[in-house]
1. Counting only residues that are surrounded by fewer than 21 Cβ atoms within 10 Å (Cβ to Cβ) and either modelled with pLDDT under 95 or not charged (D, E, K, R) (or both), how many does segment 295-327 have?
2. Quick check on this structure: which one of Ile42, Ile52 is among the β-branched types (Val, Ile, Thr) and touching a Gly at 6+ places or on another chain (Cβ under 6 Å)?
3. Does Val80 satisfy the condition of being under 22 Å from Tyr387 (Cα atoms) and surrounded by 24 or more Cβ atoms within 10 Å (Cβ to Cβ)?
4. Mind telling me which of the residues Asp168, Asp157 ends up being farther than 23 Å from Leu270 by Cβ and among the charged types (D, E, K, R)?
5. What single numbered condition from (1) charged (D, E, K, R); (2) crowded, with 18+ Cβ neighbours inside 10 Å; (3) outside any strand (DSSP E or B) fails to hold for Arg115?
6. Are any residues in segment 131-181 among the β-branched types (Val, Ile, Thr) and either more than 19 Å from Phe113 (Cα to Cα) or surrounded by fewer than 23 Cβ atoms within 10 Å (Cβ to Cβ) (or both), and if so, which ones?
7. For segment 308-339, which residues satisfy the criterion of being over 22 Å from Ser260 (Cα atoms) and either outside any strand (DSSP E or B) or among the basic types (Lys, Arg) (or both)?
8. Of the residues Gly61, Gly50, Gly104, only one is out of contact with any Ser or Thr (no Cβ under 6 Å at 6 or more places or on another chain), in contact (Cβ under 8 Å) with a residue 24 or more places away in the chain and surrounded by 17 or more Cβ atoms within 10 Å (Cβ to Cβ); which?
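The values are calculated or read from the model by the stated rules, or taken from the named source; none is laboratory data. None of these values were measured; they are calculated from a predicted model. All Cβ positions, glycine included, derive from the backbone under ideal geometry; neighbour counts span all protein chains shown.
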Amino acid sequence: MTYRKLLAAASAAVVITTVALGLVANVSAADKYEVIYNFAQIGDGNGAAGLISDAAGNLYGTAASGGAYANYANPGNGVVFKLTHEFNGQWTETVLHSFQGKDGISPSPGLIFDRAGNLYGTTTLGGTYGNGVVFKLTHESNGQWAETVLHSFRSADGVTPNGDLVIDGAGNLYGTTQSGGGHGSGLVFKLSPATKIETVLHSFQGTDGVNPSAGVIFDRVGNLYGTTFNGGALKNGTVFKLTPQPDGEWSETVLHSFKSADGNGPSTGLVFDRAGNLYGTTAVGGTYGDGVVFKLSPDPNGEWTETVLHSFRGMDGSFSQARLVFDRAGNLYGTTFLGGTYGYGVVFKLTHESNGSWIESALYVFQGGEGNNPSGTLIIDAAGNVYGTAGGGTGDCGYFGACGVIFRITP
């Protein structure tokens, strides 16, 4: 099933579940939601998703459209932006780069810093061949940021790269593309920023996964882990592992093939806990068809066992598209694109109880105008404040509607 068909099915499932179950999400009254920045116009960016922060607490992200080359009839090619927290408590946006086309179109959610403070990311389209790029933004001495295209995908080496790059100790970048590669089903790649040489580590074939829709992560010994949206034994998606071999090749192992009842269509990346267990979400599937939060636990024999920690049921969320994050206490946070009382999505928290169970609560249920349909990964600061992105807001992007918001939830 394609991503668009799954989104349509999920939208219908939210309505059906809402009517049939009449559930009320458990919302904590103590949590305060506030919009800290409204994208005012299309030149500021439209469709922000995902944030990272620097040591000073500034926020960085991408918007899939808008920018200097956009107007009310043209959506534009997207931007990389920075939000600076001023002394008066306000947040000021600076557009670090507006994409023009040959240097990328529609940047993916997810940026990453290197040790020198340079930013890296991907665009889903654009570049020399139109299949997307990997880019670098270098902070110049004059305060400006200069973009360099490190790689333009050619189809055989990938089409439509995803965000959430990871970087190793030598500065090499690792990521995935949704399609392209030897079998057209997507791949995992490695890229050296110094040489601009890209290497395909694995091309998916079908039974081992199809269409990875998120990036990969490292374990402590250098193995890579990720998800595919489709493929696997039952074509409902997989969790996979890539292990480096002495000869420089990488071998793939499917850790789990989803069966629908335990999840279907994982479109987000994974996160480790301190014990080496993996956590993630699926867009649909589960008991109620609205997706799940799952855990994969390894045993001494190298086998992995999946446990469904929570099945969404519409009113408490549906169609998760963002990577989970842990707080210091070991609780999990995430967003769903749909669901909630008004159907505009939720920010949720899964609390790990002493008996081993996980209890879900909605930190915020979106109502529409103040934000809607969150899809980016959250970040949590040292004080426990939660930051994220959503659509909606008061900005005017003309024909394209509101421009989106950056929000903060204060515990």
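1. First, pick out the residues of segment 295-327 that are surrounded by fewer than 21 Cβ atoms within 10 Å (Cβ to Cβ): 295-309, 325-327.
With either modelled with pLDDT under 95 or not charged (D, E, K, R) (or both) added as a condition, the list becomes 296-305, 307-309, 325-326.
Residues that pass the stated criteria total 15.
2. Exactly one of Ile42, Ile52 is among the β-branched types (Val, Ile, Thr) and touching a Gly at 6+ places or on another chain (Cβ under 6 Å), namely Ile42.
3. yes
4. Details: Asp168 fails: farther than 23 Å from Leu270 by Cβ.
Being farther than 23 Å from Leu270 by Cβ and among the charged types (D, E, K, R) holds for just one of Asp168, Asp157, which is Asp157.
5. (2)
6. Thr138, Thr148, Val149, Val159, Thr160, Val166, Ile167, Thr177
7. Hits for segment 308-339 are Asp327, Arg328, Ala329, Gly330, Asn331.
8. After ruling out the rest, the residue left standing is Gly61.
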